[in-house]
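Worksheet: one structure, shown below.
The values are calculated or read from the model by the stated rules, or taken from the named source; none is laboratory data. Please read these numbers as outputs of a predicted model, since none were measured by experiment. Cβ atoms come from the backbone with ideal geometry, glycine included; neighbour counts cover every protein chain shown.
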2 protein chains.
Amino acid sequence: MCAPSVVETVRRDLSRREFVGAVAACAAAASMPAAAQQQSSVRLAKGFRDVVDLTHPFSASLPVYPGYKPIQIRPRSTISQNGYANNELTFDEHTGTHVDAPSHFVAGATSGDRLPVNRLIAPLVVVAIAERAAKDADTLVSVDDLLQWEKRHGRIPAGALVAMHAGWDARVADTARFLNRDTKGALHAPGFSEQAARFLVTERDISGVGVDTLSLDAGAAQKFVAHLAILGAGKYGVELMANLGRVPPSGATVIVGAPKHEGATGGPARVLALV
Amino acid sequence: MCAPSVVETVRRDLSRREFVGAVAACAAAASMPAAAQQQSSVRLAKGFRDVVDLTHPFSASLPVYPGYKPIQIRPRSTISQNGYANNELTFDEHTGTHVDAPSHFVAGATSGDRLPVNRLIAPLVVVAIAERAAKDADTLVSVDDLLQWEKRHGRIPAGALVAMHAGWDARVADTARFLNRDTKGALHAPGFSEQAARFLVTERDISGVGVDTLSLDAGAAQKFVAHLAILGAGKYGVELMANLGRVPPSGATVIVGAPKHEGATGGPARVLALV
């Protein structure tokens with residue numbers, strides 16, 4: 001398997017600021033079609049009672065990761081003037097509740113428009129760390145958290161989206177509290193540990209990883225270790241998820257309405273849970 | 001019920017060019033929550049074998065309805081220069097495989113971000129008129145087409161998305177053939193007849209209507225009669241759908257990953273069918 005070696009290389013050498021995309025050689029192995037081949041088909045075991053929206057309303061007031069701009073929504077026609085209404089939208093791909101495609105961090109890897117559709121419908125695993133995160137904003141989802149989840153709910157199902165519920169969606173109306181910067185400007189929010197991310201892509205057959213924060217990595221992480229482990233293995237991420245506290249830790253099915261624009265490194269997605 | 005009277009008023013008075021949004025008084029009745037209240041809960045009767053992508057790849061080469069601009073995708077960061085890749089997207093809401101919200105044509109009606117999520121997962125009804133459309137590009141889905149479908153497959157299920165498969169998706173790589181303009185510049189493509197659209201919103205409990213063309217209305221229609229019937233009743237539309245020939249006429253479930261930006265009059269959506 002190529003992914004762990006990519007991650008290892010990247011992990012050793014590259015900091016957040018220094019990262020240079022030199023992992024194209026692994027793009028083939030990191031591509032989703034290979035991952036899809038491993039997958040036993042995902043099925044809904046039965047019907048569902050309810051649909052829970054895991055998507056934040058997408059507006060200019062939503063927090064964005066530093067460097068990205070808020071969405072701009074400009075009316076180009078209106079019912080009163082034109083008979084129909086239309087807006088022009090401008091946004092960075094990595095804003096709103098959105099997908100990270102492997103190509104976000106891995107040159108030549110699968111872009112969002114090419115994620116296999118059967119990976120967009122996935123058993124939803126929710127790892128709840130909100131209580132801990134309320135006391136320690138730098139806490140990480142650990143391998144132990146994943147094993148504890150499995151003790152209660154059984155093995156992480158094939159094709160799962162494994163989502164961290166850190167309780168951060170409750171902060172979404174307050175950008176300062178969401179970003180949670182310290183006096184030096186560094187962000188503080190939970191994320192996946194490198195070990196947990198690597199465990200999920202090497203020891204379990206997941207489709208992707210989700211968070212209710214702005215990043216798969218902790219805010220204070222010095223390197224994009226979780227991103228590189230997940231995306232480097234050809235899996236996808238979902239960031240800025242909403243309402244993970246409203247779905248059960250096990251048994252829901254998530255639908256990731258990934259964007260399909262050409263060459264997407266990611267983009268806003270409608271994410272729905274069937275419970 | 002307000003919707004039919006709105007449609008009646010609009011139908012009598014307003015041409016495509018002359019349409020003025022003066023139907024705000026009906027906005028409350030045309031809102032989706034009212035529609036949602038009527039709905040018996042939608043369930044997947046059983047699991048599914050496959051996922052069919054009903055979404056076209058979204059690129060600047062995709063046909064757009066006259067007046068809209070093709071999507072622009074501009075790289076703002078790249079892996080080689082920045083360590084991660086991000087694009088800025090700019091597009092009109094009504095481009096790509098996309099949703100029309102009631103607010104596209106009805107002032108004050110439900111916007112795309114407020115469509116009830118249980119209406120986004122719907123039994124998929126495919127009305128196949130491709131053979132007829134190949135000979136007559138101006139053909140319309142009629143009430144008789146709907147009744148013929150029901151003769152074969154039973155009553156249109158509650159909450160359904162009723163989609164016209166005119167075979168237009170096969171033309172998508174050739175914009176001239178897709179738009180199919182005559183010598184005077186008028187478009188020629190199939191759509192829903194006003195009667196069929198009104199039948200669906202008054203005699204059946206649908207969630208919305210889909211087409212594989214650029215418009216719920218026929219290309220040559222002089223008025224937006226199908227739009228006004230469907231959106232005026234608080235239902236949504238899905239335009240420029242792909243692969244409707246790859247799903248069965250009855251029995252599939254469609255997931256409409258409607259956009260959730262604030263005040264959406266519509267927008268690109270990932271649309272998936274579970275078969």
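Couple of notes before you dig in:
- Selection from segment B:49-78 of residues that are aromatic (Phe, Trp, Tyr) and either facing chain A (nearest Cβ under 9 Å) or in a strand (DSSP E or B) (or both): B:PHE58, B:TYR68
- Residue match in segment A:204-211 (condition: of a type outside the set (Lys, Arg), within 13 Å of chain B (Cβ to nearest Cβ) and under 30 Å from B:ASP92 (Cα atoms)): no
- Residues of segment A:241-260 classified as farther than 14 Å from A:THR95 by Cβ and at the interface with chain B (Cβ under 9 Å from one of its Cβ atoms), total: 5
- When each of A:THR97, A:THR90 is tested for being under 14 Å from A:LEU161 (Cβ atoms) and either of a type in the set (D, E, K, R) or facing another protein chain (nearest Cβ under 10 Å) (or both), the lone residue that passes is A:THR97.
- Look at (1) modelled with pLDDT under 95; (2) touching a Ser or Thr at 6+ places or on another chain (Cβ under 9 Å) and you find that A:ALA220 fails only one, number (2).
- Condition check for B:LYS223 on (1) surrounded by 24 or more Cβ atoms within 10 Å (Cβ to Cβ); (2) assigned to a loop (DSSP other than H, G, I, E, B); (3) basic (Lys, Arg): one failure, at (1).
Every residue, every condition in (1) crowded, with 24+ Cβ neighbours inside 10 Å; (2) more than 21 Å from A:GLN222 (Cα to Cα); (3) modelled with pLDDT under 95, yes or no:
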{"position": "A:THR90", "(1), (2), (3)": "no, yes, no"}
{"position": "A:GLU93", "(1), (2), (3)": "yes, yes, no"}
{"position": "A:HIS98", "(1), (2), (3)": "yes, yes, no"}
{"position": "A:GLY108", "(1), (2), (3)": "no, yes, no"}
{"position": "A:ASN118", "(1), (2), (3)": "no, yes, yes"}
{"position": "A:VAL126", "(1), (2), (3)": "yes, yes, no"}
{"position": "A:ALA130", "(1), (2), (3)": "no, yes, no"}
{"position": "A:ALA137", "(1), (2), (3)": "no, no, no"}
{"position": "A:VAL143", "(1), (2), (3)": "no, no, no"}
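- Among strands (runs of 3 or more DSSP E) entirely within segment B:79-140, having at least 2 residues that are of a type outside the set (S, T, N, Q) and out of contact with any Phe, Trp or Tyr (no Cβ under 9 Å at 6 or more places or on another chain) singles out B:121-128.
- Residue within segment B:228-241 that is basic (Lys, Arg) and under 13 Å from the mean Cα position of the chain (by Cα) present: yes
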